[in-house]
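The values are calculated or read from the model by the stated rules, or taken from the named source; none is laboratory data. These numbers were taken from a predicted model, which means no experiment stands behind them. Counting neighbours? That spans all protein chains shown, and the Cβs are built from the backbone with ideal geometry, glycine included. All accessible areas refer to the heavy atoms of the entire protein, side chains included, with ligands and DNA or RNA removed. Shrake-Rupley method; radii C 1.70, N 1.55, O 1.52, S 1.80 Å.
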Amino acid sequence: MSELVLLKNIDNPDASRIETYEKSGGYQGLRTVLRDYDPDQVIETVKSSNLRGRGGAGFPTGLKWSFVPKDNPLPRYLCCNADEGEPGTFKDRILMERDPHQLIEGMVIAAYAIGCKTAYLYIRGEYSVSIEHCQQAIDEAHALGYLGQNILNSGHSLDIHIHKGAGAYICGEETALLESIEGKRGQPKLKPPFPAVAGLYECPTVVNNVETLACLPHLFRRGEDWFSSIGPKDAPGPKLFGLSGHVRKPGLYELPMGMSLGEMLEVYGGGALNGAFKAAIPGGVSAPMFPSDLFDVKMDFGSLAAAGSMLGSAAVIGLDDTASIPVVARRITEFFNHESCGKCTPCREGLTWAAKILRRIEAGQGQVGDVEQLAMLCGGIFGKSFCALGDGAAWALGATIKHFRHEFDALIAPQTMVS
Amino acid sequence: MSDARSLTDIKRDLATGVRQMRARYPTSRSAIMPALELAQQKYGQVEGLTYQAVSELLDVPEIWVFEVASFYSLFDRSQTGRHHLRLCTNLSCMLRGSDALMQHLQNRLAIKSGETTSDGAFTLTDVECLGACEMAPVLMVDARYHGDLTTDKLDVLLASLAGQPTKEAT
C-alpha cells in the first residue's frame, strides 16, 4: 500500500482546521510557488507533470491553463467544479468536508498561474456540510493571509466565493456551470469558443475539478519527480477511487492508477456482496460497464479508453450475481432522461423513448425488436447530442446490451411466446 | 400563509441578504440563485411574490427569476412539509435496497413520492444521486444526510423527527 496523499488526514477530526493543515505541510506549496515561480513557470510545471483532470474528461490541466490568452485585457476567472453528481461519485464531497484546505490552496495556486483575482467555487446545493467547511476554510485562509489582498506579500490577490448549485446534474458540464453562475438555467453552450477564451461573463475562464486542484499543493511542495513516481508515467499523481454498489467495503480509496479493476474490487472493495461479481462500472454511470471476464483492465485513463470505456470520475460500482442488467440499464437511462436539460432533441427525446422501452421490458411487456430499437436509439444519440450527457447515456446503455444481450432477451422471450 | 405576506414585507426581509450576495458578482443576474435560496430558507418555498421581490431588489426582469426557479430542482415552488425527505434511488443506492426503503416510507407515511402528509409533517421525494454512495442507501432529511439505512433505522429516524419518543428511548 503506497503512501496516502490526498487522504492522509482524512480520519483526523480536526483535519478541516487550518492549524492541522499547516502542521501537515499545508500552504507550503503555495509559499514555494509565490517565492520561486512566475505564473508561466507554474503553468509549465503543471504541463510537464502530466496532471490530468480528475472531473471526468481527463484533460491535461496545464494545457487547459495555457489556452488562456495572455493579451486579453478582460478579467480572468477560475471556477472550481464541485457540482459532483455522476452517480457513484462522492470523492469531492469527502475532500471538501474533511480536508478542504487542500482545495483552497490549490485554487490560490491555479489563480496565480492564470492571473485570476476572483474565483468561484460551485458546490452542489445538497452538499451542506461541504459548503460550511469550505466557507470556514476560506475564512481561515483569509485571516492568515493566504487569501485576500497581496497574499503573503506577493502582490497576488484572490477572493473565492462559493456559488451554491440547486439540484441539476447538467451543471457539472463546464459551460452549463458557467451559465448557472451567471444566473441562468444550466444549459450547455456551443464550443468553441472554449471557456479559456470566452467563459464566465465572456471572460477567459478555467474550470477545474476539486480533486485536480487538491493535487496542486502536493505537486509544488514535494516536486515533480515525486509526483511522477505515483502511478503511470503518462498520467501520474495521487488518485481517488470511490467504491460502491455490490461491494463488501464501499468507501473512498486512494490508489495508484494502473491497478486492475478486479484487484480493486476484490482486494479493496472486499469482494462481492452476494456470490460473485457479474460486472462493474469503472468511472461513474456514464462509463460503459465491463463484464467480470474483462476485469483485468487497468484503471487508468489510457487503458480504460483503449478498452472502450473511461476512467471518468473513477467511481467504481460493483454489480454482483443478484443484479439484473436490464434493471440497471433502466435506472441509469431514467437518470440521464431526468437530468437532460432539454436543449437538444437526440438527448431529450431519445432518452425519453429509451426509458419507456426499458420500463416495458422490465415489466415483462417487452416486444420483439425492442433491443434493436434501443441499439438504434443509442446510435441516434451518441455523437449527435449537444453535450457529453447524451453521449454518456447512449454509451453506457449500449454496453449493457453489448455484454448482456441475453438478459434482455430472457425478459422479452416469454411475452413473445404468449403472443 | 403566503397570502399574509406583502411584497413590501418580502423585500424588507430579503434586502440585506440579497445586497450581500449581489456584491459577490459583476452582474445582478448572478445573484438570482442565491437570492432565491435566501427566500426559500426564510419561507420554505419560492412563489409569485418572491419572484417579484427578487426581480425588484436586483433590478432584473421577473422572467429571469422564474426561469431559474423552475429549472433547478432544489427550489420548492409549492409548500412542503416541515421535514423534506429526499431518498436517493440512483444506482448505488438501488443496489443496496433503496426501492424497499421507498416502499416502506410510502407505507408508513401513507403518501406517494412527491406528496406531503395531510398533517404537513413530511414531504417525500425520490431524488437522483446525492453523492454519498459509500453510505448507500442514503436519505437526505432537510439539509442533512443519513446513510447506511435500513427499515428499522428509518422508523427510529421518523419517530425522532415527528417529535415522538422512539421505542429505543422509552
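Charged (D, E, K, R), more than 12 Å from the chain's Cα centre (by Cα) and within 13 Å of chain A (Cβ to nearest Cβ), is that true of B:GLU115? Reasoning before the result, please.
Values: charged (D, E, K, R): yes; more than 12 Å from the chain's Cα centre (by Cα): yes; within 13 Å of chain A (Cβ to nearest Cβ): no.
In short, no.
Confirm whether B:VAL65 is surrounded by 17 or more Cβ atoms within 10 Å (Cβ to Cβ), β-branched (Val, Ile, Thr) and within 26 Å of A:GLU339 (Cα to Cα). Please lay out each step first, then the result.
Working: surrounded by 17 or more Cβ atoms within 10 Å (Cβ to Cβ): yes; β-branched (Val, Ile, Thr): yes; within 26 Å of A:GLU339 (Cα to Cα): yes.
Yes, satisfied.
Check A:VAL5, A:VAL42, A:VAL46, A:VAL33 and return the single one that is assigned to a loop (DSSP other than H, G, I, E, B) and hydrophobic (A, V, I, L, M, F, W, C). Before the answer, list the steps.
Numbers: A:VAL42 fails: assigned to a loop (DSSP other than H, G, I, E, B); A:VAL46 fails: assigned to a loop (DSSP other than H, G, I, E, B); A:VAL33 fails: assigned to a loop (DSSP other than H, G, I, E, B).
Exactly one residue qualifies, and that residue is A:VAL5.
Could you say which residue among A:GLY318, A:GLY366, A:GLY350, A:GLY398 is open to solvent by less than 30 Å² (accessible area, probe 1.4 Å), more than 14 Å from every other protein chain (Cβ to nearest Cβ) and not in a helix (DSSP H, G or I)?
Working: A:GLY318 fails: more than 14 Å from every other protein chain (Cβ to nearest Cβ); A:GLY350 fails: not in a helix (DSSP H, G or I); A:GLY398 fails: not in a helix (DSSP H, G or I).
Being open to solvent by less than 30 Å² (accessible area, probe 1.4 Å), more than 14 Å from every other protein chain (Cβ to nearest Cβ) and not in a helix (DSSP H, G or I) holds for just one of A:GLY318, A:GLY366, A:GLY350, A:GLY398, which is A:GLY366.
What about A:PRO188, is it open to solvent by 10 Å² or more (accessible area, probe 1.4 Å), closer than 30 Å to A:PHE336 by Cα and either of a type outside the set (Phe, Trp, Tyr) or within 14 Å of another protein chain (Cβ to nearest Cβ) (or both)? Lay out the reasoning, then the answer.
Working: open to solvent by 10 Å² or more (accessible area, probe 1.4 Å): no; closer than 30 Å to A:PHE336 by Cα: yes; either of a type outside the set (Phe, Trp, Tyr) or within 14 Å of another protein chain (Cβ to nearest Cβ) (or both): yes.
Against the criterion (open to solvent by 10 Å² or more (accessible area, probe 1.4 Å), closer than 30 Å to A:PHE336 by Cα and either of a type outside the set (Phe, Trp, Tyr) or within 14 Å of another protein chain (Cβ to nearest Cβ) (or both)), A:PRO188 does not qualify.
Pairs under 6 Å by beta carbon, first residue over 14 Å from A:PRO39 (Cα atoms) in region A:59-80, partner of a type in the set (Phe, Trp, Tyr) and in a loop (DSSP other than H, G, I, E, B), six or more apart or different chains?
Listed by first residue and then by second, the contacts come to nothing, as the list is empty.
Which of the residues spanning region A:92-118 are within 11 Å of chain B (Cβ to nearest Cβ), touching a helix residue (DSSP H, G or I) at 6+ places or on another chain (Cβ under 6 Å) and either under 13 Å from A:SER313 (Cβ atoms) or among the β-branched types (Val, Ile, Thr) (or both)? Lay out the reasoning, then the answer.
Residues of region A:92-118 within 11 Å of chain B (Cβ to nearest Cβ): A:92-94, A:96-97, A:118.
Applying the additional criterion that residues be touching a helix residue (DSSP H, G or I) at 6+ places or on another chain (Cβ under 6 Å) yields A:92-93, A:96-97.
Once the filter is applied, which keeps residues that are within 11 Å of chain B (Cβ to nearest Cβ), touching a helix residue (DSSP H, G or I) at 6+ places or on another chain (Cβ under 6 Å) and either under 13 Å from A:SER313 (Cβ atoms) or among the β-branched types (Val, Ile, Thr) (or both), region A:92-118 yields A:ASP92, A:ARG93.
Given (1) open to solvent by 10 Å² or more (accessible area, probe 1.4 Å); (2) within 14 Å of another protein chain (Cβ to nearest Cβ); (3) in contact with a Pro (Cβ under 7 Å, 6 or more places away or on another chain), where does A:SER228 come up short, assuming only one miss?
A:SER228 satisfies every listed condition except (2).
Considering each of A:GLY380, A:GLY398 in turn, give the residue that is out of contact with any strand residue (DSSP E or B) (no Cβ under 9 Å at 6 or more places or on another chain) and within 19 Å of A:SER309 (Cβ to Cβ).
Values: A:GLY380 fails: within 19 Å of A:SER309 (Cβ to Cβ).
Of A:GLY380, A:GLY398, the one residue that is out of contact with any strand residue (DSSP E or B) (no Cβ under 9 Å at 6 or more places or on another chain) and within 19 Å of A:SER309 (Cβ to Cβ) is A:GLY398.
Would you confirm whether any residue within region B:6-19 is open to solvent by less than 50 Å² (accessible area, probe 1.4 Å), within 13 Å of chain A (Cβ to nearest Cβ), at pLDDT 95 or above and assigned to a loop (DSSP other than H, G, I, E, B)?
No, region B:6-19 contains no residue that is open to solvent by less than 50 Å² (accessible area, probe 1.4 Å), within 13 Å of chain A (Cβ to nearest Cβ), at pLDDT 95 or above and assigned to a loop (DSSP other than H, G, I, E, B).
Go through the residues of region B:106-122 one by one and say whether even a single one is open to solvent by 20 Å² or more (accessible area, probe 1.4 Å), assigned to a helix (DSSP H, G or I), free of Cβ contacts under 8 Å to residues at least 12 places away in the same chain and under 17 Å from A:PHE335 (Cα atoms).
No, that holds for no residue.
Out of the helices (runs of 4 or more DSSP H) lying entirely within region A:98-185, which hold 3 or more residues that are assigned by TED's automatic domain parsing to the domain that holds A:CYS79 and over 19 Å from B:TYR25 (Cβ atoms)? Walk me through how you get there before you give the answer.
Working: elements: A:101-114, A:128-143, A:174-181.
By residue number, A:101-114, A:128-143.
Search region A:369-392 for residues being in contact with an Asp or Glu (Cβ under 8 Å, 6 or more places away or on another chain) and closer than 17 Å to A:PHE336 by Cβ, and hand back the single one that is most open to solvent (accessible area, probe 1.4 Å).
Our first condition is that a residue be in contact with an Asp or Glu (Cβ under 8 Å, 6 or more places away or on another chain); within region A:369-392, this holds for A:371, A:381-383, A:385, A:387-389.
Okay, now just the ones that are also closer than 17 Å to A:PHE336 by Cβ, so A:381-383, A:385, A:387-389.
Values: A:ILE381: 6, A:PHE382: 98, A:GLY383: 62, A:SER385: 18, A:CYS387: 22, A:ALA388: 71, A:LEU389: 12 Å².
Residue satisfying both the conditions and the ranking: A:PHE382.
Quick one: which of A:LYS356, A:LYS343 is assigned to a loop (DSSP other than H, G, I, E, B), open to solvent by 10 Å² or more (accessible area, probe 1.4 Å) and closer than 28 Å to B:SER70 by Cα? So that I can check it myself, show each step before the final result.
Numbers: A:LYS356 fails: assigned to a loop (DSSP other than H, G, I, E, B).
On inspection, the qualifying residue turns out to be A:LYS343.
Taking region A:120-140 as the search range and keeping residues that are away from chain B (no Cβ under 11 Å) and more than 19 Å from the chain's Cα centre (by Cα), which one is most open to solvent (accessible area, probe 1.4 Å)?
Ranking the candidates gives A:ASP139 first.
Answer yes if at least one residue in region A:250-261 is part of a helix (DSSP H, G or I), without any contact (Cβ under 8 Å) to a residue 40 or more places away in the chain and either touching a helix residue (DSSP H, G or I) at 6+ places or on another chain (Cβ under 9 Å) or open to solvent by less than 40 Å² (accessible area, probe 1.4 Å) (or both), and no otherwise. Working first, answer last.
Pass one, region A:250-261, residues part of a helix (DSSP H, G or I): A:261.
Now narrow it down to the ones that are without any contact (Cβ under 8 Å) to a residue 40 or more places away in the chain: none.
Looking for residues that are part of a helix (DSSP H, G or I), without any contact (Cβ under 8 Å) to a residue 40 or more places away in the chain and either touching a helix residue (DSSP H, G or I) at 6+ places or on another chain (Cβ under 9 Å) or open to solvent by less than 40 Å² (accessible area, probe 1.4 Å) (or both), one finds none in region A:250-261, hence no.
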